[in-house]
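Colleague: Sharing a structure, written as C-alpha cells. Questions coming.
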Amino acid sequence: MAGGIPAHVVAEVERLTGQLVGLASTGADISDLGNGPRPGVLRRMDAAGGWFYFLVAPREPLIIVVRIVPPSDAL
C-alpha cells in the first residue's frame, strides 16, 4: 500500500496510527479525531508534511489507513 512513499512519511503514519490505536484501547472515542465532515466517517490527519486518510473501526482498537498522500516535494 505504501510503495513509492518516502520511508519517513510511512514511519510517521505508523507512529500516529499506533497512538490512535493506543488511545482507542483505553476506551476513548477516537471517531472524531482528525478532519472530516462528521464522526465515524473517513477522517484525514496531517503527517510529515503530507496527510493520510483513515477509518476508525467501531468497537475495536483498529485504524484502517485508506490512503497516504506524501508532501508535494516527495512526488
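Colleague: What distance in nm lies between label points placed 7 Å from Cα along the C-beta direction at Glu14 and Ala57?
Modeller: The modelled label-to-label distance comes out at 1.9 nm.
Colleague: May I pose another question? Given axes a ≥ b ≥ c from the Cα gyration tensor, I'd like to know whether the chain is rounded (a/c under 1.5), prolate (a/b larger than b/c) or oblate. All intermediate terms of the calculation are to be shown ahead of the outcome.
Modeller: Working: a/c = 2.38, a/b = 1.76, b/c = 1.35.
Verdict is prolate for the chain.
Colleague: Right, another one. Roughly how many percent of the accessible protein surface of the chain is carbon and sulfur, given a 1.4 Å probe and a whole-percent answer?
Modeller: Heavy-atom surface of the chain belonging to carbon and sulfur, 1.4 Å probe: 56 percent.
Colleague: Another question, then. Would you calculate, for the chain, the mean residue ellipticity at 222 nm contributed by helices, counting each DSSP H stretch of 4 or more residues as -39,500 (n - 2.57) and dividing by all residues, to the nearest 500?
Modeller: That comes out to -8500 deg cm²/dmol.
Colleague: In degrees from 0 to 90, rounded to the nearest 10, what is the angle of the helix 7-25 Cα long axis to the longest principal axis of the chain?
Modeller: Once rounded, one gets 0 degrees.
Colleague: Quick one: if you stick a label point 7 Å off each Cα along the C-beta vector at Ala7 and Asp29, how many nm between them?
Modeller: Going from the Ala7 label point to the Asp29 one covers 4.1 nm.
Colleague: Output wanted: per-residue J couplings in Hz (rounded whole) for the range 52-68, from phi through Karplus 6.51 cos²θ - 1.76 cosθ + 1.60, θ = phi - 60°, x for Gly and Pro.
Modeller: Couplings: 9, 9, 8, 10, 9, 6, x, 6, 9, x, 10, 10, 9, 7, 9, 7, 10 Hz.
Colleague: Accessible area per residue for the chain in Å², computed with a 1.4 Å probe and the full protein assembly in place, what is it?
Modeller: In whole numbers, the chain has 61 Å² accessible per residue.
The values are calculated or read from the model by the stated rules, or taken from the named source; none is laboratory data. It should be emphasised that the depicted structure is a prediction, and the values quoted were computed from it without experimental measurement. All Cβ positions, even for glycine, are placed from backbone atoms using ideal geometry, and neighbour counts span all protein chains on display. Quick note on the areas: whole protein, heavy atoms, side chains included, nothing else; ligands and nucleic acids left out. Shrake-Rupley method; radii C 1.70, N 1.55, O 1.52, S 1.80 Å.
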